[in-house]
2 protein chains.
Amino acid sequence: MEYTYRQILKWGDKREGKIDPLTIKIIKEKFDLKDSDFETKYLSGLQLVRLEKRSSLKPEQLDFFKSTAGNENVQSDDFSRAKYSCGKFYAELLDLRLNLVPDPPDAVVSPKCYDELLKIVEYCNQERIPVIPVGGQSSVTGALKAPLGGIALDLTKHLNKIEKINTENKTVTVQAGIYGPLLEEELIRHGFTCGHFPQSFEHSTVGGWIAAKGAGVASTGYGKIEDMVVALKVVTPAGVIETKEYPRTAQGWDIFRLFIGSEGTLGIITEATLNIHNYRPKNTGYASFIFKSFEQAVAAMQKIIQSEYGKPHLFRISDPEETDIAFKTNGFDNSFSDKLLKGFGYLPGKRSLIFIAVEGDKDFTKFVLNKIKKTVRKGEAMYIGKSPVKKWLDQRYSSAYMRDPLMDLGIMSDTLETVVTWEKLLKVWAAARTYVNKRPKTILMIHISHVYESGANLYFTFLSPMEKGNEKNDFAAFHKGLVDTIQENGGSLSHHHGVGRVLAPWMEGHLGKQSMSVLGAVKKHFDPNNIMNPGGTLGLQ
Amino acid sequence: MEYTYRQILKWGDKREGKIDPLTIKIIKEKFDLKDSDFETKYLSGLQLVRLEKRSSLKPEQLDFFKSTAGNENVQSDDFSRAKYSCGKFYAELLDLRLNLVPDPPDAVVSPKCYDELLKIVEYCNQERIPVIPVGGQSSVTGALKAPLGGIALDLTKHLNKIEKINTENKTVTVQAGIYGPLLEEELIRHGFTCGHFPQSFEHSTVGGWIAAKGAGVASTGYGKIEDMVVALKVVTPAGVIETKEYPRTAQGWDIFRLFIGSEGTLGIITEATLNIHNYRPKNTGYASFIFKSFEQAVAAMQKIIQSEYGKPHLFRISDPEETDIAFKTNGFDNSFSDKLLKGFGYLPGKRSLIFIAVEGDKDFTKFVLNKIKKTVRKGEAMYIGKSPVKKWLDQRYSSAYMRDPLMDLGIMSDTLETVVTWEKLLKVWAAARTYVNKRPKTILMIHISHVYESGANLYFTFLSPMEKGNEKNDFAAFHKGLVDTIQENGGSLSHHHGVGRVLAPWMEGHLGKQSMSVLGAVKKHFDPNNIMNPGGTLGLQ
């Protein structure tokens, strides 16, 4: 078994990702790459992991963890410590390629059961040992770093069971360390689906979804994770919070909601009850449209979501640059049909794709699709069938695997996202475009994928050649400028990635001092000794 | 102008309520009333209000309020102090009829603008003067009592404007003291509706809806108030919290949600932004059904809400006793049609009404109604047209006005409510029935009116002759037993009335010590000197 940095940085860690030939063609053209660039891996990360930072745990502390969870459930080797301190934020991957692991935990502990976890948290609180709860490690916000050392508390190894599928209440109760695919598989067996499919679905857990306040591809219909949670059990240094399963209440403000978006700073979510939905994939209705312009696509999306005739579950616009790239990577560019489209005024650099899927009852999905088709105005858009959206859904998890080979080519590749009200959406979109386009040789794909009556998100995927030898600073400056641009134009700090340590510096400016002090006060109540994911997460000190 | 206790206790305070003749017939029979009982008013409350408790404000404090808000906006007479300390909880009304005002504030202050309010809160915090925010005074939880004195801070007199109707984002921003009807009138003028119609609609404010976490008659479609709030501005002793208008975010847990259900204990909600909906009453689809049994009606409701073909906005079941009373008060009992119904097996004591209204797009309302009609199984239910639900909607605000004349007859009349998952719903319903029926001469009407995929509320309206001379203790013991029964069988403490001081004694037992200490910690952060609605609200000390 190899214990290299590359093993840690790979998306999903099982296979080497590949870039498809049509994408290669695009980036070769756009970034002036030569064939020789494809021969070697830039900053390959193939070196063996060696940490400089020694564990600061005392021998008796390590012994406590081993005697509590069992030797086989406590790792303190360099590779494990490095691996558990990293998510999938671009700067983290870059660090790994540069053989840097700035903030490893002292050990990784995987309790076998709830009682062990409880003991461990109590002990860590006594001993002032930091605890970083770890799920699937798909964080893109630096939320897993352990700048003050401590233990990475891994919930995925043992605390990963379904406790109850309640067919009467349409809810599922799970241990928080369960991965998306296992949950979904078991639900499907009972005729249900969780309806939560983030891009990280394969490599993320229910606890992570809740802690980071995630959203999945069907969120326009099913909501974000905060719309699905019914009850939580959370182990905090100040005690265990266990809330009851009610659809809604009026018994003070909702305590369980404090933990949705808490990013490990308050306690460890050990158990969650979620709403579930009927699994009837044959009923799903699909539709794809091409619009003459992004502005027209956005206006249609807004009209559809505000019409009150039922909502699509998946609802997505690709902006012109993303649309053009989709045409190219699908080999559609310059095909006969493409030429026809151009003839009708659907021009590259202008046209925008809309993808739709409606789930639920069979008649309902038909009904909503028909209404949407009638809402879309002839002359500004064309219905282009079911297959484009279905094809996109089939390959949607694969795009994340392309990032590693892109970085192998020396290409920076990251994402940012925000949410904004309708009245400011085009402004934020245009400002972000202007900002990114100032950098030479960039690809910027923007899409909208989570839609509400009062606004929608904007999701930015950008590619650009790294500034060789100055990769870290170059990225940091570029990234900061984009976050600033979004902020200045009225976007939120995040819609569903979370804050972590990456966006922490913006928190006070964005929320205001008063709100930051509320976060601090709640933190202090649950975690008076500051052991829970300490060192900057959420902008907390 | 009269300044009597009756003036305070009357629902809506403008007119004397009347009991319709058919209801009189029922209560005469059920409670063995004689004609002579109708000649005088029992505990009429017609005496002039006189308070024993003197104001504890120092003259310079009163002067401060007067110089800040203006003489005309500060009242310290007995009548005003009494009036502003009362909501519409039965025990409060009984107190008024007994000429008791146990917990009046020292003065009523109605700031003319936000800046005055801010100054007043700062001053009260310095001087340790309790502040009780007051909206429409329709509280049924004793939330307006001022056991420690202080000022009733009235938002309805001046802080009652619409600030912006944002047609782009489909949101409205209002000052919190605005009453339901004024908000709705203005929205309708712009083609929108707020979609929030609690029973107290005529006499409650947006701030009160949010502080008490209310729900309206169309909540199954539009959600509770917590599903409508997008952003809040709140003045707390620790500073002003102002959140931004985003449909959803992932920037830590949602701070504005702390104030939804805070019942005045953390600060004063001064401004709120809410989602609004298209106002298209001509599109609304109505349907009424009669089921052979409550159990069958509940099963159908559960099936409909879990079918994922679009939800009704109004969705209501009357249990058999409520159904029978509805038949009688509508003169339908023993009509030709009623005899036919009985012939088909829809028997008194068993049969249950379901009322439905679907709002939104015209095709959507038709579609959903058709689906519902197909879901309801022939043989167990009969469609009985649109008019029963329309008729019920037309008179729905009037029933609250009947409580005063009922109390004039010496009849105890109050409501309680809970929410429960589907698997426990019939159990809670049956246990509450058993408990209430142990008391001789009771009418207990139970309905379900807020429906979710995982459960629904239960709403209890009970009538019973007062135990003359022992009215207060009799009610307190009866009420306690019913709350206990609901709790023991798995119901929540409240679905939409809130907790106030009435349900406060159950809070710790229901939420647990850990959760209670969280409420306390947040309270301490915002209100370190315990001036915000102090003295037991929400079970806080």
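The values are calculated or read from the model by the stated rules, or taken from the named source; none is laboratory data. If you're wondering where the values come from, they're calculated on a predicted model, not measured in any experiment. FYI the Cβ positions are ideal-geometry reconstructions off the backbone, even for glycines, and counts take in every protein chain you see.
Results, tabulated for the structure shown:
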quantity	calculated
Pair list, Cβ < 8 Å and 6+ apart or interchain, from the range A:407-429 residues that are at the interface with another protein chain (Cβ under 9 Å from one of its Cβ atoms) to residues that are charged (D, E, K, R) and buried (at least 22 other Cβ atoms within 10 Å of the Cβ)	A:419/B:248
Residue A:513 vs. criteria within 12 Å of chain B (Cβ to nearest Cβ), surrounded by fewer than 23 Cβ atoms within 10 Å (Cβ to Cβ), of a type in the set (Lys, Arg) and closer than 30 Å to residue B:513 by Cβ	no
Test: residue A:529 is in contact with a Lys or Arg (Cβ under 8 Å, 6 or more places away or on another chain), more than 27 Å from residue B:227 (Cβ to Cβ) and not hydrophobic (A, V, I, L, M, F, W, C)	yes
Subset tally (residues that are within 15 Å of residue B:264 (Cβ to Cβ) and within 12 Å of another protein chain (Cβ to nearest Cβ)) for the range B:524-541	6
Members of the range A:179-207 found to be surrounded by fewer than 24 Cβ atoms within 10 Å (Cβ to Cβ), β-branched (Val, Ile, Thr) and not in a helix (DSSP H, G or I), listed by number	A:193
Given (1) within 30 Å of residue B:434 (Cα to Cα); (2) surrounded by 20 or more Cβ atoms within 10 Å (Cβ to Cβ), number of the condition residue B:518 does not satisfy	(1)
Helices (runs of 4 or more DSSP H) completely within the range B:297-389 that count 2 or more residues being closer than 21 Å to residue B:448 by Cβ, within 25 Å of the chain's Cα centre (by Cα) and modelled with pLDDT of 95 or more	B:320-329
Any hit, the range B:329-352, residues being in contact with a Ser or Thr (Cβ under 6 Å, 6 or more places away or on another chain) and crowded, with 20+ Cβ neighbours inside 10 Å	yes
Top-ranked residue in the range A:159-178 [being of a type outside the set (S, T, N, Q) and farther than 30 Å from residue A:540 by Cα; ranked as surrounded by the most Cβ atoms within 10 Å (Cβ to Cβ)]	A:172
The range B:414-440, residues that are crowded, with 21+ Cβ neighbours inside 10 Å, within 18 Å of the chain's Cα centre (by Cα) and not hydrophobic (A, V, I, L, M, F, W, C)	B:414, B:417, B:418
The range A:462-488, residues that are surrounded by fewer than 19 Cβ atoms within 10 Å (Cβ to Cβ) and not in a helix (DSSP H, G or I)	A:467, A:468, A:469, A:470
Any pair with Cβ under 6 angstrom, 6 or more apart, that starts in the range A:113-133 at a residue that is within 17 Å of residue A:535 (Cβ to Cβ) and ends at one that is loosely packed, with under 15 Cβ neighbours inside 10 Å	none
Within the range A:144-188, tally of residues that are touching a strand residue (DSSP E or B) at 6+ places or on another chain (Cβ under 9 Å) and either farther than 22 Å from residue A:264 by Cβ or charged (D, E, K, R) (or both)	17
Hits in the range B:272-285 (condition: surrounded by fewer than 20 Cβ atoms within 10 Å (Cβ to Cβ) and in a strand (DSSP E or B))	B:278
For residue B:521: the one exception among (1) more than 24 Å from the chain's Cα centre (by Cα); (2) more than 8 Å from chain A (Cβ to nearest Cβ); (3) assigned to a helix (DSSP H, G or I)	(2)
Selection count where residues are of a type outside the set (A, V, I, L, M), touching a Lys or Arg at 6+ places or on another chain (Cβ under 6 Å) and outside any loop (DSSP other than H, G, I, E, B), scope the range A:22-48	1
Any hit, the range B:157-171, residues being in contact with a Ser or Thr (Cβ under 7 Å, 6 or more places away or on another chain) and within 27 Å of residue A:251 (Cα to Cα)	yes
Any chance residue B:507 is more than 20 Å from the chain's Cα centre (by Cα) and within 14 Å of chain A (Cβ to nearest Cβ)	no
Matching residues in the range B:233-290 - criterion: being away from every other protein chain (no Cβ under 11 Å) and of a type in the set (Gly, Ala, Ser)	B:264, B:272, B:285, B:287, B:288
Elements of type helices (runs of 4 or more DSSP H) contained in the range A:70-173, each with 3 or more residues being more than 22 Å from the chain's Cα centre (by Cα)	A:78-83, A:114-127
Matching residues in the range B:226-259 - criterion: being assigned to a loop (DSSP other than H, G, I, E, B) and more than 30 Å from residue A:502 (Cα to Cα)	B:228, B:237
The one condition in (1) surrounded by fewer than 16 Cβ atoms within 10 Å (Cβ to Cβ); (2) part of a loop (DSSP other than H, G, I, E, B); (3) in contact (Cβ under 8 Å) with a residue 40 or more places away in the chain that residue A:19 fails to fulfil	(1)
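Every residue, every condition in (1) more than 11 Å from chain B (Cβ to nearest Cβ); (2) within 28 Å of residue A:399 (Cβ to Cβ); (3) touching a Pro at 6+ places or on another chain (Cβ under 6 Å); (4) of a type in the set (Val, Ile, Thr), yes or no:
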| site | (1), (2), (3), (4) |
| --- | --- |
| A:443 | yes, yes, no, yes |
| A:468 | yes, yes, no, no |
| A:477 | yes, yes, no, no |
| A:499 | no, yes, no, yes |
